[in-house]
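One structure is given below, encoded as structure tokens.
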Ligand code: HGY
Ligand code: MN
Ligand code: MN
């Protein structure tokens with residue numbers, strides 16, 4: 001059966017890569033830290049006896065053949081890139097858990113009908129280029145050359161970062177997997193919420209993944225002298241943005257299921273004695289119900305327009321991404337629930353507020369997710385933590401699920 005000690009040791013080793021002095025990890029896509037993390041994961045894949053390869057966008061795969069090598073593969077995976085101040089589990093648990101399952105199968109001589117692959121997707125978080133899920137988009141064949149124009153804070157585009165990492169952006173189309181080539185995708189991930197902790201459960205069955213809309217709001221007022229411009233004669237872009245941020249919080253709080261976040265704000269010219277003339281603000285708006293999300297988005301757009309009209313500030317919206325909520329496969333949910341019972345765990349279903357690569361892989365095959373309890377629900381924070389026991393429990397549920405999906409022979 002899976003070796004929870006080996007999984008925990010590998011989680012700890014991977015967590016050292018990109019470790020920041022102030023705590024947390026930073027492994028942004030196409031950086032030396034992410035490269036080192038992929039090299040370490042590749043070494044674990046080889047220890048597990050897997051055939052290791054990388055595709056045109058840097059997705060790292062480990063493959064174990066089945067009795068019927070031509071049959072659609074079961075794909076297990078997650079990501080090892082992180083947010084700017086990430087924790088040790090968001091992503092790595094799913095990649096290392098998948099490797100642990102395949103290594104266990106190899107050590108126990110388990111044969112399956114289908115091939116099984118484990119993947120570490122490139123740039124799930126979008127922390128560097130504000131797009132995200134580049135690897136799973138490419139796998140699903142939905143990553144366009146246009147998408148590669150997104151730039152990081154230093155003005156480096158995805159395209160340039162790929163070239164610097166030795167990849168050819170012109171070949172990203174080659175990463176697409178043909179329809180029918182995958183039988184199922186299953187991801188083990190930390191919950192990043194408090195539901196399982198409140199239910200006193202180590203593991204949960206994910207029902208679906210909330211759909212995010214990411215927008216960039218640009219406010220254009222008029223820069224001016226902080227000392228000589230009367231309050232009534234200003235077109236202060238930052239004061240307008242601040243009022244709109246309050247509107248976002250108020251509207252998103254109104255439904256009980258929607259979440260709205262302003263994660264980035266930039267005021268220019270940025271002098272202490274200059275009234276800001278331009279402000280850019282990000283909006284991350286999500287709901288498991290697309291109609292509710294889009295209704296709230298409409299209300300935010302309307303009210304933001306009124307605020308800016310009153311203040312004499314121009315407002316532009318740029319859409320960065322818009323993804324529908326992704327329901328998990330009923331059949332895979334049933335399989336995961338049976339695996340939970342196999343481990344003596346009460347099956348418990350819950351939605352995912354966080355986005356995951358499965359939202360894109362869902363375009364190719366049925367997807368399922370297994371959640372592991374997060375302490376205090378904390379994530380995207382160095383304090384993110386799940387216990388060794390819960391990680392092992394999640395990996396055991398993943399093991400039974402993969403055996404069922406891959407057809408143990
Ligand atoms: O943004 C998300 O929900 C995920 O952590 N990438
Ligand atoms: Mn994640
Ligand atoms: Mn994350």
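The values are calculated or read from the model by the stated rules, or taken from the named source; none is laboratory data. Computed from a prediction, not measured in an experiment: that's the story for all the values here. Quick reminder, even Gly has a Cβ in these numbers, built from the backbone with ideal geometry, and neighbours come from all protein chains shown.
When residue 317 is tested against (1) farther than 22 Å from residue 195 by Cβ; (2) in contact with a helix residue (DSSP H, G or I) (Cβ under 8 Å, 6 or more places away or on another chain); (3) away from ligand 1 (no atom under 16 Å from the Cβ); (4) assigned by TED's automatic domain parsing to the domain that holds residue 124, only condition (4) is not met. Restricting 344, 407, 394, 355 to residues that are over 28 Å from residue 259 (Cα atoms) and touching a strand residue (DSSP E or B) at 6+ places or on another chain (Cβ under 8 Å) narrows the list to 407.
Can you list the strands (runs of 3 or more DSSP E) found entirely within segment 37-103 that contain at least 3 residues being within 15 Å of ligand 2 (Cβ to nearest atom) and buried (at least 23 other Cβ atoms within 10 Å of the Cβ)?
On the way: elements: 51-54, 60-64, 73-79.
By residue number, 73-79.
Inspection of segment 341-363 finds no residue satisfying the criterion of being more than 21 Å from residue 132 (Cβ to Cβ), crowded, with 21+ Cβ neighbours inside 10 Å and more than 15 Å from the chain's Cα centre (by Cα).
Taking strands (runs of 3 or more DSSP E) as the structural unit, those lying wholly within segment 217-317 and holding at least 3 residues that are within 30 Å of residue 350 (Cβ to Cβ) correspond to 259-261, 278-287.
Looking across segment 1-36, the residues that are buried (at least 16 other Cβ atoms within 10 Å of the Cβ) and assigned to a loop (DSSP other than H, G, I, E, B) come down to 2, 17, 18, 24, 26, 27, 28, 29, 30, 31.
So that you can scan it fast, the table gives a plain yes or no per residue for (1) surrounded by 13 or more Cβ atoms within 10 Å (Cβ to Cβ); (2) over 30 Å from residue 385 (Cα atoms); (3) over 18 Å from the mean Cα position of the chain (by Cα):
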residue: 154; (1), (2), (3): no, yes, yes
residue: 183; (1), (2), (3): yes, yes, yes
residue: 187; (1), (2), (3): yes, no, no
residue: 197; (1), (2), (3): yes, no, yes
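Does any residue of segment 117-124 turn out to be within 16 Å of ligand 3 (Cβ to nearest atom), more than 26 Å from residue 396 (Cα to Cα) and assigned to a loop (DSSP other than H, G, I, E, B)? Write out each step before concluding.
As a first pass, look at segment 117-124 and keep what is within 16 Å of ligand 3 (Cβ to nearest atom): 120-124.
Filter once more, keeping what is more than 26 Å from residue 396 (Cα to Cα): 123.
After this cut, where a residue has to be assigned to a loop (DSSP other than H, G, I, E, B) as well, the list is 123.
Looking for residues that are within 16 Å of ligand 3 (Cβ to nearest atom), more than 26 Å from residue 396 (Cα to Cα) and assigned to a loop (DSSP other than H, G, I, E, B), one finds at least one in segment 117-124, hence yes.
Of 213, 172, which residue is over 30 Å from residue 388 (Cβ atoms) and part of a strand (DSSP E or B)? If you could, list the steps in order and put the result at the bottom.
Details: 172 fails: part of a strand (DSSP E or B).
Answer to the check: 213.
Rundown of residues vs (1) in contact (Cβ under 8 Å) with a residue 12 or more places away in the chain; (2) closer than 22 Å to residue 398 by Cβ, yes/no style:
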position: 173; (1), (2): yes, no
position: 178; (1), (2): no, no
position: 187; (1), (2): yes, yes
position: 209; (1), (2): yes, yes
position: 236; (1), (2): yes, no
position: 246; (1), (2): no, no
